[in-house]
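Encoded as structure tokens, the structure appears first; notes follow it.
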Amino acid sequence: MNEYDSELVRSILTKAGYAFVREEAQADVVMLNTCAVRENAHRKVYGRIHEIRHQHKREGGRPLVIGVLGCMATNLRKALLEDPHLKIDFIAGPDSYKKLPMLIAQAAEEGKKAFDVTLSEFETYADVYPVREKGVNAWIAVMRGCNNFCTFCVVPYTRGRERSRSPENVVVEAERLAAEGFRQITLLGQNVNSYRYEGRDFTDLVEMVSRVEGVERIRFTSPHPKDFPDRLLELMAADPKVCQQIHLPLQAGSNRVLELMDRTYTHEAFLDLVARIRAYCPEVALSTDVIVGFPTETDEDFEDTVRVMREVEFDSAFIFKYSERKNTIAARRFPDDVPEEVKTERIVRLNTLQKEISLRKNQAHVGQRMRILVEEADTDTMKGRTDGNKMVIVPRIPSINPGDLCDVTITAASPFGLKGIK
Ligand code: SF4
């Protein structure tokens, strides 16, 4: 979503007369588009701002105006603006990008600390066509915000309530992208399958995008397990353009922890959903997000997560240690009481387990013919992804270029990807 938002910002500022430069030393304005989901992201942003200032000074760059955009901007506006070491000049939240020309002008010309972090109930940027790098995949944000308030999550506070773009507007963007040579569309939303617009739901939208000529593959991320109608699964099973891949965030396997997280499902319901998905789409690749060490998580709770991970056998998983985010329900209600070394033990165990599972699942592809969409190619190799989003590295065939579909035989597997030959 942040990559997509940066493309929106590029479009808004290009229209306002700004040119983008590759080297920071040549820039008058530098913006960091930030995420507030994990603490690591915070540390990175602080480090990056110091680095930019030092480097700029060293290289004798022009006076610099620095802005922070995105979720961290909303969540930590005061702290960021008042930090005497960071010296941030302007701040814009995810719904304020159209005000950037004004904010930059206030900061650069009037020397004011400028900010706008107002959340909108309506802003979807449907009227802004992002400036993208050329490539094979294009993101389209079809909805923004989230109404779920999972207790650990900052998104509803930093990105506001759910609102969707009209399906017609999304289709126009997809048509334009196909005409520009993009072959894959990834539909984006914080909670993408709760997409709703005047009686049309997410399945209707996917169906409409699938009719766009030139679009070869459609992916979407991230869905919430609570919003998975059979109609969507029927469409996935029947429509070869809709990829056999679902990112399905589990977060925890213990029903007690799931309730504290307010995820609104039990592990039994999650396992039922996985069975339903696999009944419709037996070849589907599943990935997930898991948090270890949520407040009060006991060894028993953690063993429930291990059991669900073993039972589902996800193709891949993003596993994180719980880290408290300011202003969330969990931060207000539950002390972050699982010791760091216990979190580390748990994450190491789950990562080891997942690596074994991913390797086994990838090895099962060895010898199979699989279709990849080529994303990159140099003189020696090309890289592409399977329908299930697994990366395959193949020796280069000169007549095949990025954007082409190509059938390959899988010859080797690791936990992280595949190798093949044409
Ligand atoms: S559904 Fe996702 S974005 Fe929404 S509150 Fe929960 S974790 Fe955050």
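The values are calculated or read from the model by the stated rules, or taken from the named source; none is laboratory data. All figures in this text were calculated on a predicted structure; none of them were measured in a lab. Neighbour counts run over all protein chains shown; Cβ positions are idealised from the backbone, glycine included.
Give the residue, chosen from 196, 217, that is surrounded by fewer than 18 Cβ atoms within 10 Å (Cβ to Cβ) and touching a strand residue (DSSP E or B) at 6+ places or on another chain (Cβ under 7 Å).
196 is the lone residue from the list that is surrounded by fewer than 18 Cβ atoms within 10 Å (Cβ to Cβ) and touching a strand residue (DSSP E or B) at 6+ places or on another chain (Cβ under 7 Å).
Within the range 360-372, how many residues turn out to be loosely packed, with under 14 Cβ neighbours inside 10 Å and either closer than 22 Å to residue 310 by Cα or of a type in the set (Asp, Glu) (or both)?
2
Check residue 227 against each of (1) more than 16 Å from the ligand (Cβ to nearest atom); (2) part of a loop (DSSP other than H, G, I, E, B); (3) surrounded by fewer than 20 Cβ atoms within 10 Å (Cβ to Cβ) and name the one condition it does not meet.
The one condition residue 227 does not meet is (1).
Return only the number of the condition from (1) more than 9 Å from the ligand (Cβ to nearest atom); (2) touching a Gly at 6+ places or on another chain (Cβ under 9 Å); (3) of a type outside the set (Asp, Glu) that residue 132 does not satisfy.
(2)
Listed residues 357, 397; which is at pLDDT below 95 and either hydrophobic (A, V, I, L, M, F, W, C) or out of contact with any Asp or Glu (no Cβ under 8 Å at 6 or more places or on another chain) (or both)?
397
Residues checked against (1) closer than 22 Å to residue 20 by Cα; (2) under 21 Å from the mean Cα position of the chain (by Cα):
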position	(1), (2)
81	no, no
89	yes, no
98	yes, no
101	yes, no
109	yes, no
115	yes, no
124	no, yes
164	no, yes
174	no, yes
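Can you list the strands (runs of 3 or more DSSP E) lying wholly within the range 135-222 that have 1 or more residues being more than 14 Å from the ligand (Cβ to nearest atom) and within 22 Å of residue 234 (Cα to Cα)?
Once the strands (runs of 3 or more DSSP E) in the range 135-222 are filtered for at least 1 residues that are more than 14 Å from the ligand (Cβ to nearest atom) and within 22 Å of residue 234 (Cα to Cα), what remains is 184-188, 217-221.
Out of curiosity, is residue 64 crowded, with 18+ Cβ neighbours inside 10 Å, of a type outside the set (Val, Ile, Thr) and over 28 Å from residue 160 (Cβ atoms)?
Considered against the rule, which asks whether it is crowded, with 18+ Cβ neighbours inside 10 Å, of a type outside the set (Val, Ile, Thr) and over 28 Å from residue 160 (Cβ atoms), residue 64 comes out as yes.
Please tell me if residue 271 is free of Cβ contacts under 8 Å to residues at least 60 places away in the same chain, within 16 Å of the ligand (Cβ to nearest atom) and not in a strand (DSSP E or B).
It is false that residue 271 is free of Cβ contacts under 8 Å to residues at least 60 places away in the same chain, within 16 Å of the ligand (Cβ to nearest atom) and not in a strand (DSSP E or B).
Residues 390, 326, 383, 422: which one is loosely packed, with under 15 Cβ neighbours inside 10 Å, touching a strand residue (DSSP E or B) at 6+ places or on another chain (Cβ under 6 Å) and either at pLDDT below 95 or closer than 30 Å to residue 180 by Cβ (or both)?
422
So, in the range 312-367, of the ones that are of a type in the set (S, T, N, Q) and outside any helix (DSSP H, G or I), which residue ends up nearest to residue 422 (Cα to Cα)?
Among those that are of a type in the set (S, T, N, Q) and outside any helix (DSSP H, G or I), it is 316.
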